[in-house]
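Notes follow the structure.
Just so it is clear, none of the values below were taken in a lab; they were calculated from the coordinates. Predicted model only: the values in this text are computed from it and were never measured. Ideal geometry is used to build each Cβ from the backbone, glycine not excepted, and the neighbour counts take in all protein chains shown.
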């Protein structure tokens, strides 16, 4: 009899351990009894079950990633774009998630749901709206539309993010985009050239105006200085003439003789009574 005590004790311990299970903080569980759901959405903590009769399925409830290959979509202008995206999702209803199949089966059904949502939203927008400032609104619409269909899978789409948007290499969009870019760059270049030419003309006009002003002011100052010099010279001549008029007249005549015969072969034809010959001859010597 004593030999059965350890066996019974071990069996009791095994049954006790088999009747207790723990759900982690990041998990949610479903308890089954002979294939039938007894309890769903079991929260984290320590729980009990009937050993050998009931089983427990634990599902990770953290946010998970679903990465996808780039897909080709058509905009409202019938232009092709390649969209590379990823999805953040989590289990919202563990019972529906279990009924939808395992995780692989749920992801296989979730991927076309998100793809279809993206296709519908992009088909309602132009290429500029898709690649421009509409990404935030697009992401919100992707999540909203995807969650409507994903609810039946027990899955909640938390976020849909576009990693990149490319233009297909075999499409006509790239050529038209490059042509539009060249036209835009040419427009900007012509605008800059026009602005530069305008600034250049303004600088030249200012320079010409300053040149005219400076020359006019210089000519004005020169005329004033010449006038002042002539006035000073006339005053000096007048004072000299007033001191000795005869000597001044004689000196001026000598200056006229020197200038008139400076080159050595000059010929002057004058009347004998000319004042220039005043100091020549007997009359000049007598004086």
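Points to keep in mind about this one:
- Extension gain, residue 161 to residue 198: 0.36 nm times the residue separation minus the Cα-Cα distance gives 8.6 nm.
- Each Cα pair under 8 Å and six or more residues apart adds its separation to the average, and for the stretch 55-211 the resulting relative contact order is 27 percent.
- Sorted by Cβ density within 10 Å, fewest first, the residues 72, 36, 109: 36, 72, 109
- The label point for residue 241 and the one for residue 103, both projected 7 Å from the Cα toward the Cβ, are 12.4 nm apart.
- Whole-angstrom gap from the stretch 143-164 to the stretch 183-199, using each part's C-alpha centre: 48
- Sequence of 269, 145 once ranked by neighbouring C-beta atoms within 10 Å, starting from the fewest: 269, 145
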